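Here is the structure we will look at.
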Amino acid sequence: MALTAVKGFNDILSDESLRWQHIEQTARRVFELNGFGEIRVPVMEKTELFCRSIGDATDIVEKEMYTFTDKGGNSVTLRPEGTAGVMRALIEHKLYAQDPVAKLYYMGPMFRYERPQKGRYRQFHQIGAEITGVNDPLADAQVLNMLTSFFREIGLSEPTLQINSLGCPECRPAYRTALRSCLEERIGGLCEDCKRRFATNPLRILDCKVPGCIEKSAGAPSVLEHLCSSCNDHFSSVKRYLDLSATPYSINSRMVRGLDYYTRTTFEMVTGLLGSQSAVAAGGRYDGLISQLGGPSIPGIGFAIGVERIALLLGNQQFTSSPDLFIATMGAGERDIAFSLMDGLLKSGLRVEMDYEGKSLKSQMRRADKLKARYSVVIGENEVATGSATFKRMADGLQSDAALTVAGIHSLIMKLEQ
RNA sequence: GUGGCUGUGGUGAAGCGGUUAACACGUGCGACUGUGACUCGCAUAUUCGAGGGUUCGAUACCCUCCAGCCACCCCA
């Protein structure tokens with residue numbers, strides 16, 4: 001193999017591309033129904049943006065970013081996630097000044113330098129949505145309902161919604177302390193990773209898959225019991241709204257997120273069908289992020305969907321795209337007529353294919369079959385002379401005549417369709 | 001960054017020291033001189049991820065490298 005794509009960067013070939021289009025179109029439809037508008041932001045930002053938003057000490061910033069110095073000597077980074085860039089744009093264009101509430105969605109590639117595996121790539125794609133400017137738990141519930149609708153519309157019932165609350169800067173430090181002191185006495189029984197986590201991020205111990213650690217952390221205090229009264233009220237309201245709209249969910253007080261900016265409500269859509277990658281969509285509230293980036297103090301909440309992971313779940317479903325008519329020609333003389341007929345039909349909105357290279361009739365018919373054309377027609381000297389031809393419905397071989405004009409063909413198809 | 005597994009055509013693969021490198025699918029052409037699907041025929045890897053070594057001989061054994069996959073870490 002002479003030249004290959006960069007490790008972890010994939011080509012999306014035509015069959016899979018149809019699946020992606022289905023995912024993207026469904027997202028657009030559902031999001032726009034909910035009043036969200038698309039925002040397109042660059043795939044590259046100043047490195048500082050991600051350090052300040054995602055958090056300097058997170059794995060993403062510490063070891064997974066595609067960061068380099070451009071020719072002007074500036075440190076730039078290929079976006080590892082979408083929210084930071086959208087918030088930067090919101091602040092830069094003062095979108096909150098025209099309308100205190102912004103409802104935005106985006107889709108596109110993200111980049112993280114990780115070892116690729118099933119459902120995880122160095123260039124991967126996310127579809128995300130954000131609401132800024134609303135403190136009320138109603139916004140949390142709408143975002144969760146919209147995410148749930150997306151999965152319903154896409155035809156996936158398997159992933160389930162898990163929610164949690166991480167508290168706010170008021171109550172989280174106290175919880176961290178309580179968790180640390182509880183785990184301190186049992187640290188000896190934990191796995192090596194968890195011993196490290198104890199120092200770096202004790203919340204992660206709750207998420208460990210090692211049986212011994214699960215056992216040791218079983219009685220650890222729950223975040224939900226340490227929420228301050230306003231965070232507790234907020235979480236209760238979110239649950240109440242979800243109940244009100246009959247949105248199914250479960251509470252997972254051990255759920256941890258990888259980005260520092262999350263506050264209060266966090267959530268994941270999880271599945272057991274993707275090996276070790278269980279999250280197919282995730283998000284949460286980020287009330288401190290915008291001010292942290294130098295904007296006004298306005299709250300936000302949003303999520304991101306992993307497109308590759310959804311495509312994997314959709315893997316067995318077929319999406320097809322086939323022509324309405326295939327025009328076969330007998331000789332070079334008929335190809336001019338076939339070509340202008342095809343051109344007219346295409347302009348009228350019918351999907352038409354014809355032979356490009358003067359192949360044998362047999363080859364042309366095989367191709368019509370292979371493309372799954374609904375109808376075929378053969379144009380030879382007789383057809384040119386009479387101005388009409390016999391059309392064949394490929395599914396059952398039914399033949400009928402029609403004039404070789406755009407109007408004639410349309411009315412034939414119309415007639416045969418009913 | 002760490003570990004495990006695997007690299008034979010467009011694809012799925014058999015072969016595991018000497019073969020015309022099996023078989024199947026796909027693709028192309030033809031049987032049918034104006035009609036696809038089913039059937040049949042023919043064609044389709046001078047070569048087995050790359051480089052080196054062992055050997056009279058290596059796709060096969062050994063080493064190195066590269067790539068892919070899966071898992072850990074972490075995450076969508």
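The values are calculated or read from the model by the stated rules, or taken from the named source; none is laboratory data. Just so it is clear, the model here is predicted, and its values are computed rather than measured. Neighbour counts run over all protein chains shown; Cβ positions are idealised from the backbone, glycine included.
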(request) Considering only segment A:119-138, state which residues are out of contact with any Pro (no Cβ under 8 Å at 6 or more places or on another chain), of a type in the set (A, V, I, L, M) and outside any strand (DSSP E or B). (result) A:Leu138
(request) Scan segment A:298-307 for residues that are among the hydrophobic types (A, V, I, L, M, F, W, C) and assigned to a strand (DSSP E or B) and jot them down. (result) A:Ile301, A:Phe303, A:Ala304, A:Ile305
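Would you check if there is a residue in segment A:28-45 being farther than 17 Å from A:Glu130 by Cα, touching a helix residue (DSSP H, G or I) at 6+ places or on another chain (Cβ under 8 Å) and without any contact (Cβ under 8 Å) to a residue 60 or more places away in the chain? Talk me through it step by step, then tell me what you get.
Initially, segment A:28-45 is screened for residues farther than 17 Å from A:Glu130 by Cα, giving A:43-45.
Next, from what is left, pick out any that are touching a helix residue (DSSP H, G or I) at 6+ places or on another chain (Cβ under 8 Å): A:45.
Right, trim to without any contact (Cβ under 8 Å) to a residue 60 or more places away in the chain and you get A:45.
Yes: one or more hits.
Yes/no matrix, rows are residues, columns are (1) within 19 Å of the chain's Cα centre (by Cα); (2) surrounded by fewer than 22 Cβ atoms within 10 Å (Cβ to Cβ); (3) not assigned by TED's automatic domain parsing to the domain that holds A:Arg285:
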| residue | (1), (2), (3) |
| --- | --- |
| A:Lys63 | no, yes, no |
| A:Thr69 | no, yes, no |
| A:Ala89 | no, yes, no |
| A:Ala129 | yes, no, no |
| A:Gln142 | yes, yes, no |
(request) Select from segment A:181-234 the residues that are among the acidic types (Asp, Glu) and over 18 Å from A:Ile251 (Cα atoms) and list them in ascending order. (result) A:Glu184, A:Glu185, A:Glu192, A:Asp193, A:Glu215
(message) Restricting to segment A:202-218, name every residue that is over 21 Å from A:Leu166 (Cα atoms) and not in a helix (DSSP H, G or I).
(response) A:Val210
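Here's the yes/no breakdown for (1) buried (at least 18 other Cβ atoms within 10 Å of the Cβ); (2) within 30 Å of A:Cys51 (Cβ to Cβ); (3) without any contact (Cβ under 8 Å) to a residue 12 or more places away in the chain; (4) assigned by TED's automatic domain parsing to the domain that holds A:Phe267:
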position	(1), (2), (3), (4)
A:Gly294	no, yes, no, yes
A:Ile301	yes, yes, no, yes
A:Phe319	no, no, no, no
A:Ser340	no, no, yes, no
A:Arg351	no, no, no, no
A:Met365	yes, no, no, no
(request) Would you check if there is a residue in segment A:179-191 being closer than 25 Å to A:Leu313 by Cβ and within 14 Å of RNA strand B (Cβ to nearest atom)? (result) no
(message) Among the residues that make up segment A:393-408, is at least one of them within 30 Å of A:Phe151 (Cα to Cα), surrounded by fewer than 18 Cβ atoms within 10 Å (Cβ to Cβ) and in contact with a Leu (Cβ under 9 Å, 6 or more places away or on another chain)?
(response) no
(request) Test A:Val210 against the stated conditions and say whether it is among the aliphatic types (A, V, I, L, M), surrounded by fewer than 18 Cβ atoms within 10 Å (Cβ to Cβ) and either within 12 Å of RNA strand B (Cβ to nearest atom) or under 34 Å from the mean Cα position of the chain (by Cα) (or both). (result) yes
(request) Go through (1) loosely packed, with under 15 Cβ neighbours inside 10 Å; (2) more than 16 Å from RNA strand B (Cβ to nearest atom) and name the single condition A:Ala57 misses. (result) (2)
(request) Output the residues belonging to segment A:232-277 that are near RNA strand B (Cβ under 9 Å from one of its atoms) and either without any contact (Cβ under 8 Å) to a residue 60 or more places away in the chain or β-branched (Val, Ile, Thr) (or both). (result) A:Val256, A:Val270
(message) Of the residues A:Leu259, A:Leu203, only one is under 22 Å from A:Thr58 (Cα atoms), under 24 Å from the mean Cα position of the chain (by Cα) and not polar (S, T, N, Q); which?
(response) A:Leu259
(message) Residues that are farther than 22 Å from A:Leu95 by Cα and touching a helix residue (DSSP H, G or I) at 6+ places or on another chain (Cβ under 8 Å): does segment A:291-305 have at least one?
(response) yes
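For segment A:286-300, give me each residue that is within 14 Å of RNA strand B (Cβ to nearest atom) and either within 17 Å of A:Asn201 (Cβ to Cβ) or under 21 Å from the mean Cα position of the chain (by Cα) (or both).
A:Tyr286
From A:Glu48, A:Glu114, which residue is more than 19 Å from A:Val280 (Cα to Cα), in contact (Cβ under 8 Å) with a residue 24 or more places away in the chain and in the same structural domain as A:Gly272 (by TED's automatic domain parsing)?
Working: A:Glu114 fails: more than 19 Å from A:Val280 (Cα to Cα).
Checking each option against the conditions leaves just A:Glu48.
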(request) Those residues that are under 20 Å from A:His234 (Cβ atoms) and assigned to a loop (DSSP other than H, G, I, E, B), I need them from segment A:254-297; list them, please. (result) A:Arg254, A:Met255, A:Val256, A:Arg257, A:Leu259, A:Asp260, A:Tyr261, A:Tyr262, A:Tyr286, A:Asp287, A:Gly288, A:Ser297
